[in-house]
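Student: Here's a structure for you.
The values are calculated or read from the model by the stated rules, or taken from the named source; none is laboratory data. Given the structure is predicted, the values throughout are model-derived calculations rather than measurements. Please note: Cβ atoms are built from the backbone with ideal geometry, for glycine as well, and neighbour counts cover all protein chains shown. Heads up: the accessible areas ignore ligands, DNA and RNA and are worked out on the full protein's heavy atoms, side chains in. Shrake-Rupley method; radii C 1.70, N 1.55, O 1.52, S 1.80 Å.
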Amino acid sequence: MTWSRRFRISERFKGSLWIVPLMGAVLGAIAGLVLTAVDQHVKLPEYFQYSSSTASTVLSAIVGAAAALTGFVVTVTTLIVQMVNGTFSPRYMRLWYRDPVLKATLALLAGTLMLAFSMLRRIEPNFVPNLGVSVAGILMVADLILFLFFFSRCMFRLRPVTVAALVAKAGRAAFDEARRAIERSAVAIGGPVPDAQRTQIVRAGRAGVIQAIHLEGLVRWARRHDARLVLSHAVGDFVTKGGTLVTVYGGSQDAGGAERELNRMIALGDERTIDQDPAFAIRIMVDIALMALSPAVNAPTTATQVLGHLGETLRTIGAAELGHHSGSTGSQDPPAVIIRTHAWEDYLTLGLTEIRQYGASGIQVMRALHATLEELREDVRPEHRAAVEEELARLDSTIAAQWGNAVDLDRAAVADGQGIGGAGLAEKVSR
């Protein structure tokens, strides 16, 4: 099986809402067979023994309760989907579908339901599966506990800022992993076209978004064929069918074989994923802030709070080396693979430009943006500070254009991490 197919299968498994519950149901049915066989050879203490009528009543109640709780979980999930699409960002659903607690709750409920059904059909006048009934009761208690935890978790995650925090955490993890993968593979970021003859252009076999790239596989292929590869697109870009994926320089390889092999090392899908694309996490956080700034919602405080998590993610990226050189492997050989990634300026523009544009009329947003940029200027690498200075100049121009003739110009131009009410205004007054 090719790497790209394994990646797509993994993505479908992570995003599927039926595979894990189905596994739970199958395990419940198997557990029913096993417990029935054990029951025939083990005599339980008297307080774990039931009459036929009592066992039937208990198991029937468990079946009804498990079915009702499953329906409630599905209802809550549907309501969250509706709220996410209208209040947060539809792109957040990529993370919500992967929630392990949601899948574990559905799996345990399905397993309990199948186990109770299995025990019901084995009750006879002269045989009661006492162990199975007891285990079904214990699982029902576990179902209730897990359901309460799931419900509390869902209510907690209905707040936009909590969603932004989860997305920011996933984005920082994706950035760290992508940076480590680049260092391990010793690939170059950007850089000039290799000083060699172009021998082949590898085109996409299907249209889609680049979800992930198998860097180690590309490097091995290039070294095996004494070639250098230049990727035409970054992770997250949409590629049309027949569009250029990879340009091969030097080496010798059958044209059809190279195209087939290299296509298998680049996973294309219908939509972006955070796995190797931290810019997608920033995109989701910006969408949440823009939703809050829309006239229909008008919640600048939410946008201000999201800016805190955006700033932390940008700080993580800005403090890392994003140069155009290969990983530090100690080798003087030119890199076998040259890839495209986002530069620091790209991340900064993506994270702050639209919020500055749509939040220009909000004092909170202007003050919070100012505070975020001033903190970034101090924390990012020296070579990244020029971009922060430019963004600060754009912010000052926006404030001057929006608030130039307003009585609150002096307040809009103050850096305040809380938007309004932080230390920024007090510090200005004290001066």
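Student: So which residues in region 376-406 are closer than 15 Å to Ile317 by Cβ and buried (at least 18 other Cβ atoms within 10 Å of the Cβ), if there are any at all?
Tutor: Across region 376-406, the qualifying residues are Leu376, Val380, His384, Ala387, Val388, Glu391.
Student: Which of the residues belonging to region 305-318 are among the β-branched types (Val, Ile, Thr) and open to solvent by less than 10 Å² (accessible area, probe 1.4 Å)?
Tutor: Val306, Thr313, Ile317
Student: Now a separate question. Just need a number here: residues in region 138-163 that are of a type in the set (S, T, N, Q) and open to solvent by 40 Å² or more (accessible area, probe 1.4 Å).
Tutor: Of the residues in that region, 1 qualify.
This table checks each residue for (1) in contact with a Ser or Thr (Cβ under 9 Å, 6 or more places away or on another chain); (2) open to solvent by less than 60 Å² (accessible area, probe 1.4 Å).
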site: Thr199; (1), (2): yes, no
site: Trp221; (1), (2): no, yes
site: Lys241; (1), (2): no, no
site: Ala267; (1), (2): yes, yes
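Student: Residues of region 216-236 being of a type outside the set (Gly, Ala, Ser), under 15 Å from Asn263 (Cβ atoms) and in contact (Cβ under 8 Å) with a residue 60 or more places away in the chain, which ones?
Tutor: Across region 216-236, the qualifying residues are Leu218, Leu229, Leu231, His233.
Student: Pick out the one residue from Asp277, Asp287 that is crowded, with 20+ Cβ neighbours inside 10 Å and of a type in the set (Asp, Glu).
Tutor: None of the others qualify; the one that does is Asp277.
Student: How many residues are in contact with a helix residue (DSSP H, G or I) (Cβ under 7 Å, 6 or more places away or on another chain) and at pLDDT 95 or above if we restrict to region 395-431?
Tutor: Number of matching residues: 3.
Student: Tally the residues that are within 10 Å of Arg91 (Cα to Cα) and of a type outside the set (A, V, I, L, M, F, W, C), restricting the search to region 257-288.
Tutor: Here the count works out to 5.
Student: Still on this structure, I have one more. Working only within region 124-137, note down all residues that are of a type in the set (A, V, I, L, M, F, W, C), open to solvent by 30 Å² or more (accessible area, probe 1.4 Å) and over 40 Å from the mean Cα position of the chain (by Cα).
Tutor: Residues satisfying the conditions are Phe127, Leu131.
Student: Checking Leu322 against (1) at pLDDT 95 or above; (2) assigned to a loop (DSSP other than H, G, I, E, B); (3) among the aliphatic types (A, V, I, L, M), which test does it fail?
Tutor: (1)
Student: Regarding Leu69, is this residue touching an Asp or Glu at 6+ places or on another chain (Cβ under 8 Å) and crowded, with 20+ Cβ neighbours inside 10 Å?
Tutor: yes
Student: Could I ask something else about it? So if I check each of Arg184, Arg180, Arg220, Arg172, which one is closer than 30 Å to Ser152 by Cβ, in a helix (DSSP H, G or I), of a type in the set (Lys, Arg) and out of contact with any His (no Cβ under 9 Å at 6 or more places or on another chain)?
Tutor: Step by step, each of Arg184, Arg180, Arg220, Arg172 is checked, and only Arg172 is closer than 30 Å to Ser152 by Cβ, in a helix (DSSP H, G or I), of a type in the set (Lys, Arg) and out of contact with any His (no Cβ under 9 Å at 6 or more places or on another chain).
Student: Spot the failing condition for Asn85; the list is (1) out of contact with any helix residue (DSSP H, G or I) (no Cβ under 6 Å at 6 or more places or on another chain); (2) farther than 30 Å from Asp277 by Cβ, and only one is missed.
Tutor: The number of the failed condition is (2).
Student: Every residue in region 87-111 that is open to solvent by less than 20 Å² (accessible area, probe 1.4 Å), at pLDDT below 90 and aliphatic (A, V, I, L, M), please.
Tutor: Selection gives Met93 alone.
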